[in-house]
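Notes follow once the structure below has been shown.
Read the figures in this text as sums done on the coordinates, not as results from a lab. Keep in mind the model is a prediction, meaning the values are calculated, not measured. Here the Cβ positions follow ideal geometry from the backbone for every residue, glycine too, while neighbour counts run over all protein chains shown.
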Amino acid sequence: MELNRLTRQADTDMRQQLMRLAAFTGDYIEKMRNLAYTLNPPALHRGGLLPALNVLAKDMQTQHGLTVVLRNQAGAEPASSVLSSIVYRSIRELLLNVIKHAGVNEALVEVRSQDNRIRISVTDKGKGFDYPAIRNCKGCKPGFGLYSIEDRMMFIGGTMQITTKPGKGSSIVLTVPRDIIRFSRQPKKPTRSVIGKQSIASEPFGL
């Protein structure tokens, strides 16, 4: 409202600058709204993780041309909305990694219950990568956003396992608690292993 008033009162040059500022501000607000929707879609809060993954799979297909095969076990849902949000964002980032780096147009996502935990796997038959080399490279930028996912797993008491090899695809398995765990101030570092071969999914999926 104040910006509109100033625009009406300003001279021609100032009015043009204020109009550009208003357009920029409007674009910025719209981008923030889209980002908020992307990271925390309404389906996640209304229905939980599994319905949100169905929406995510459709978005990946329409926006990026990536076919996401979902194999979700009924009831394999985190009990906490916080955990659901963390898992959703991690899966989304792993699928974006497939789009950016794997060189394939299909990925498999599986979500299953495992005792009192939930096991999530994201598998592709793409280029694969040498994660130990990426991780141990001094001065290199963090690889593929995996560091941030690992940090999230550490925070919630989860684990991350990377199974990959150049030219042999990749499978990343996240295991998370079904509910929030009380932590000390310095949570224990999660179990993380890197295996130099392609992980074999429980069921094959075609490309």
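Model label sites at residue 136 and residue 113, defined 7 Å from Cα along the beta-carbon direction, differ in position by 4.1 nm.
Sorting the segments 118-130, 92-104, 42-54 by their mean number of nearby beta carbons within 10 angstrom, highest to lowest, gives 118-130, 92-104, 42-54. Between residue 58 and residue 127, what's the calculated FRET efficiency when r is the beta-carbon distance and R0 is 25 Å? Round to 0.05. Efficiency at R0 = 25 Å is approximately 0.50.
In terms of surrounding Cβ atoms within a 10 Å radius of their Cβ, 109, 82 rank from fewest to most as 82, 109.
With a Förster radius of 30 Å applied to the beta-carbon distance between residue 69 and residue 151, the computed FRET efficiency rounds to 0.60.
For residue 46 and residue 101, a Förster radius of 30 Å and the Cβ-Cβ distance give a FRET efficiency of 0.40, rounded to the nearest 0.05. Modelled spin labels at residue 82 and residue 179, positioned 7 Å past Cα toward Cβ, are 1.4 nm from each other.
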